[in-house]
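Comments concern the structure below.
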Amino acid sequence: MSATAWSLAHGAPAVSRSAGTVLRSTCGRTFSLSSDRWWGDPPDEETRLLRLALSPVLDLGCGPGRHTVALSRLGIVALGVDSSAAAIAAARAHGAAVTHRSVFDRLPSEGRWGTTLLLDGNVGIGGDPVRLFRRVRELLRPGGRALVEVEGPGVATERLSVRAELADAATEWFPWARVGVDGVPALASPTGLSPAAAWSDGGRWFVRLER
């Protein structure tokens, strides 16, 4: 998910971790965020996904670092990346190795990562999935893979301007995207990533892209 949305949900001490956060588009549509999930251990479907990761792993938009920590427990070298200072502080408090940067900034060991993660809506970062997939390819080594959470069949790919809303607080508007599983091949084709698998687990959809 976007760092601005994460910061709204968890950067202010008055906000409950279980409070409902939504993304609202400029046309008035709303999308719920499973913010309570960000704080616990990865559920079973995420644990199964993480076991597909090739070391080392770059966790893009890592939030409070639950995937980064879980990977380390599996003996997999992992680094979390997030542009939210609140997210980075929470991740470090949980013992995650993280760096405070945007995915589009210069990152350590570019072209040498075995896996990149884009979970919890992070495929929408920047509002341009093709640009994001190109960036992922730059980060991966030859033979590397991206593990990406997407939306289910029948959901059209769309680029939106949204803001995160929680109680009486809201962020500024920022670019975001929705990606359905059906649209992944067309988005990946111009980027040098190849769709290798798509599956549903725990009511969620995931794809594996390979460089």
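Are any of the residues in the stretch 170-190 open to solvent by 60 Å² or more (accessible area, probe 1.4 Å), in contact (Cβ under 8 Å) with a residue 60 or more places away in the chain and over 19 Å from VAL22 (Cβ atoms)? Yes, the stretch 170-190 contains at least one residue that is open to solvent by 60 Å² or more (accessible area, probe 1.4 Å), in contact (Cβ under 8 Å) with a residue 60 or more places away in the chain and over 19 Å from VAL22 (Cβ atoms).
Cβ-Cβ below 9 Å, separation at least six or inter-chain, first residue in the stretch 66-88 and closer than 12 Å to SER55 by Cα, second aromatic (Phe, Trp, Tyr): which pairs? That search, which allows pairs on different chains as well, returns LEU79/TRP113.
Looking across the stretch 191-206, the residues that are without any contact (Cβ under 8 Å) to a residue 60 or more places away in the chain and either among the aliphatic types (A, V, I, L, M) or surrounded by 14 or more Cβ atoms within 10 Å (Cβ to Cβ) (or both) come down to GLY192, PRO195, ALA196, ALA197, ALA198, TRP205. Out of all the residues in the stretch 161-178, is one or more out of contact with any Phe, Trp or Tyr (no Cβ under 7 Å at 6 or more places or on another chain) and at pLDDT 95 or above? Among the residues of the stretch 161-178, not one is out of contact with any Phe, Trp or Tyr (no Cβ under 7 Å at 6 or more places or on another chain) and at pLDDT 95 or above, which makes the answer no. When GLU158 is tested against (1) crowded, with 20+ Cβ neighbours inside 10 Å; (2) under 21 Å from ARG24 (Cβ atoms), just one condition goes unmet, and that condition is (1). Of the listed requirements (1) modelled with pLDDT of 95 or more; (2) open to solvent by 40 Å² or more (accessible area, probe 1.4 Å), GLU45 misses just one: (2). When the strands (runs of 3 or more DSSP E) confined to the stretch 130-195 are screened for residues that are within 15 Å of the chain's Cα centre (by Cα), those reaching at least 1 such residues are found at 140-150, 174-178. Candidates are the residues of the stretch 83-129 that are of a type in the set (Ser, Thr, Tyr) and open to solvent by less than 30 Å² (accessible area, probe 1.4 Å); the one that is farthest from the chain's Cα centre (by Cα) is THR99.
Could you go through the stretch 184-203 and let me know if any residue there is out of contact with any His (no Cβ under 7 Å at 6 or more places or on another chain), farther than 21 Å from GLY111 by Cα and of a type in the set (Asp, Glu). Yes, the conditions are met somewhere in the stretch 184-203.
A count restricted to the stretch 71-82 and to residues that are buried (at least 19 other Cβ atoms within 10 Å of the Cβ) and either among the charged types (D, E, K, R) or farther than 20 Å from ARG135 by Cα (or both) stands at 2.
The values are calculated or read from the model by the stated rules, or taken from the named source; none is laboratory data. In this text the structure is predicted, and so the values were computed from the model without any measurement. Neighbour counts run over all protein chains shown; Cβ positions are idealised from the backbone, glycine included. We work out accessible area using only protein heavy atoms, side chains counted, and drop any ligands, DNA or RNA first. Shrake-Rupley method; radii C 1.70, N 1.55, O 1.52, S 1.80 Å.
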